[in-house]
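The structure appears below as C-alpha cells.
What follows draws every value from the coordinates through simple rules; no lab data is involved. Model, not experiment: these values are computed from the prediction. We place every Cβ from the backbone using ideal geometry, glycine too, and count neighbours over all the protein chains shown.
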Amino acid sequence: MKWDLPIVAGALLAVAEVSRRLTDTPFTPAMAFVLIGLLVGPFVLDEVTVSPASETVRTLAEATLAVVLFADASRIKLRVIRQEYAVPLRLLSIGLPLTIAIGALLAAAMFAHLNAGEAVVLAVLLAPTDAALGQAVVTEPRLPSRIRQGLNVESGLNDGICVPLLSIALAAADVEAKTATSHHAVSIVAEEIGYGILGGVAAGLAAAAVVAIGHRRDLISGSWLQVIPIAAAALAYGFAAALGGSGFIAAFLAGAIFGGLVPQESEEASRLNEEIGALLGGVTFLLFGAVLLVPTLNHVSWQIALYAGLSLTVVRMLPVAIAMLGSSAKWPTVGFLGWFGPRGLASIVFAVITVQQAHLAGVDTILRSTYLTIGLSVFAHGVTAAPLAKRYARWYETHPLHRRPPMESVHAPHHRARWRPRPPAEPGSSISA
C-alpha cells in the first residue's frame, strides 16, 4: 500500500489541472478517474492493492455517500417542486418502482442461481441514477428547462429513496437464503429505518438551529458556515449508526430538514460540502476502476454483459416510457429521458455495503453485474451527454416559438446540479430559483 496515497493524490492533481477544459466535453472527470484506476490496478501497473472488502474502501464509500445524500437533500426546495413536479414525480413514483421490478424479473430470468430476494437486491443496487456522470445534460442551457431539471431532481432524490429499499431487500434476501429469521430481519430493518429517522431529525434540527441562531445574529464567520453541512452530515450518520440505524437515511433526512428550515443559509453554506463531495467522489471512482472493476472484467460472462447492457437500456427506458404516458411528451423527449439514467456513485456505495453486510450465495454475480453496468455507464453516458444534449436542443429549437411542444415548453425552476454552480437564468423565463 506504500504507493496508494501518492497515486490518489497525483490523480487528483492531474484531473484538477484540466478540470475546466473537461467541462461539457465528451471526456468527464469520472471517466478520467476510472481510467487512472484501471491503469494503476492489476491490469497494468498493479500498484493499488486495496482489497474490495477492506475497511478503507468501505469508509471512503460511506463517507462519500453520506456527504452526497446530505447535499442532494439540502438542495431540495419544496417551492421548486410545487411549481414544477410533473417530470420528477412521474420518474420517481412510476419509473423507479418499474425499474426495480423489471430489473429483478430480468435478473431472475437470466441468472438461474439467484433467488428472488437476490434478484431484487441487484435491481435496487442499479436503480439510483447519477446526473453528475452526464453533466452536459443538466447544465446545457438550450435544453427545455422542464426536462433538464426533471432529470436533475430525479437524480437528487432517487438515491435517498433507494436507501431504505436496499435495507429491506437485503433483509428479505437473507430470510430467503435462511441466513436470518424473518423476525430478526424485520427487527433489523425497523431499527435501521427508525434510528435512521431519529438521527436525521436530530442532526437536521441541530444544524438548522445553529444556523438560525448563530448566523442570523452574525455569530458565525463565512468560513465556519461552510463547515456546518459537513458536520451535520457526520452527526446524522454517526448518531444513527451508533444506535444501530442507517446512517444514510439519517444523512438524507438531515439534509432535507436543514435545507427546508434554513433555505437561504443552506445554499450559502453548500460550497465546501459540494467540493468535498466532488473530491471523495473522484477518489471513489479511482478505487472503483482499480479494485472493483478490474476483477469484474476478469470474470465477465455473457449473461452478465447482456444484463449490464439491458440495465442501461430496456430496464431504464421502458419504465420511463410508461411513466411519461399521458404527459404529452414527444418521443424524442421520452427517448432522451430514458437514455440519461447514468449509474454511478450511489450504486458503487450500495454494492460495497452489500459486500460487507449481506450473506448471499449469489453475491459474486450481483456485484459483477453491478460493477460492469457502472463501468459501461461511466463511459457510455459520459461520451454521449454533450452531443446528445446538443442534438436534442437543436430538435427543440427547430420548432417556432409559438409552436414548440407544449409539455417541453413549460419553464421549470432551477435546481442546481451536483457539484456545479447555479446556472444563469434563462432568457424569457419569469421563474427564479
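Describe numerically, in nm with one decimal, the distance between label points set 7 Å from Cα along Cα→Cβ at Val201 and at Ser301.
So the two model labels end up 4.6 nm from each other.
At a 10 Å Cβ-Cβ cut-off, how would you order Asp174, Asp4, Asp159, Asp218, fewest neighbours first? The partial results should precede the final answer.
Values: Asp174 22, Asp4 17, Asp159 25, Asp218 7.
Ascending Cβ contact count within 10 Å gives the list Asp218, Asp4, Asp174, Asp159.
Report the full-extension gain for the segment Gln356 to Ala86: residue separation times 0.36 nm, less the Cα-Cα distance, to one decimal in nm. The partial results should precede the final answer.
Values: separation 270, 0.36 × 270 = 97.20 nm, distance 3.77 nm.
Working it through step by step, the gained length comes to 93.4 nm.
Could you put Val283, Val211, Val175 in order, starting from the residue whose Cβ has the fewest other Cβ atoms within 10 Å?
Numbers: Val283 20, Val211 23, Val175 17.
Listed from fewest to most nearby Cβ atoms, that is Val175, Val283, Val211.
Build a GNM of the chain with springs between Cα atoms under 10 Å: which of Ala107, Ala212, Ala116 gets the top mean-square fluctuation?
Among Ala107, Ala212, Ala116, the largest mean-square fluctuation in the Gaussian network model of the chain belongs to Ala212.
Assuming R0 = 35 Å, can you tell me the calculated FRET efficiency for the pair Ser51 and Glu275, based on Cβ-Cβ distance, to the nearest 0.05?
Details: r = 29 Å, r/R0 = 0.82.
Approximately 0.75, to the nearest 0.05.
Dipole of the chain (Lys/Arg Cβ +1, Asp/Glu Cβ -1, origin at the Cα centre): which of Ser327, Ala123, Ile353 lies farthest to the positive side?
The Cα lying farthest towards the positive end belongs to Ser327.
If one computes the Cα centroid of the stretch 245-286 and of the stretch 340-391, what distance in Å separates the two points?
After rounding, the separation between the Cα centres reads 21 Å.
Looking only at trypsin sites (Lys or Arg not before Pro) in DSSP loops with at most 10 other Cβ atoms within 10 Å, what is the longest site-free stretch of the chain?
The longest uninterrupted stretch comes out as 218-433.
Residue-wise, which Karplus ³J(HN,Hα) couplings in Hz belong to the stretch 316-330, taking 6.51 cos²θ - 1.76 cosθ + 1.60, θ = phi - 60°, and x for glycine or proline?
Each residue's phi maps through the Karplus curve to give 8, 6, 5, x, 5, 4, 5, 4, 8, 4, x, 8, 6, 5, 6 Hz.
If the only charges are +1 at each Lys and Arg Cβ and -1 at each Asp and Glu Cβ, what is the size of the charge dipole of the stretch 345-407 around the Cα centre, to the nearest 20 debye? Working shown, then result.
Values: 6 positive and 2 negative charges, 93 e Å.
Using Cβ point charges on Lys, Arg, Asp and Glu, the stretch 345-407 gives about 440 debye.
Taking the Cβ of Ala11 as the centre, find all other residues whose Cβ is under 13 Å away and add up their charges (Lys, Arg: +1; Asp, Glu: -1).
On the way: positive: none; negative: Asp4, Glu17, Glu47.
My count for the surroundings of Ala11 gives -3.
Measure off 7 Å from each Cα along the Cα-to-Cβ vector at Thr179 and Ile322, then give the distance between these two points in nanometres to one decimal.
With each label placed 7 Å out from Cα toward Cβ, I get 3.0 nm.
Nothing charged except the Cβ atoms of Lys and Arg (+1) and of Asp and Glu (-1): what's the magnitude of the dipole of the chain about its Cα centre? Round to the nearest 20 debye.
Working: 29 positive and 28 negative charges, 296 e Å.
With Lys and Arg at +1 and Asp and Glu at -1, about 1420 debye.
Please find, in a Gaussian network model of the chain (springs between Cα atoms separated by less than 10 Å), the residue of Leu261, Leu13, Leu98 whose mean-square fluctuation is greatest.
Result for the chain, Cα springs under 10 Å: Leu13 fluctuates most.
Taking Lys390 as the anchor, which aspartates and glutamates have their alpha carbon closer than 19 Å to its alpha carbon, excluding any fewer than eight residues away along the same chain?
Result set, ordered by chain and number: Asp24, Glu140, Glu408, Glu426.
For the stretch 36-409, with the dipole built from +1 on Lys and Arg beta-carbon atoms and -1 on Asp and Glu ones, taken about the Cα centre, which of Ala171, Leu293, Trp395 lies farthest toward the positive end?
Trp395
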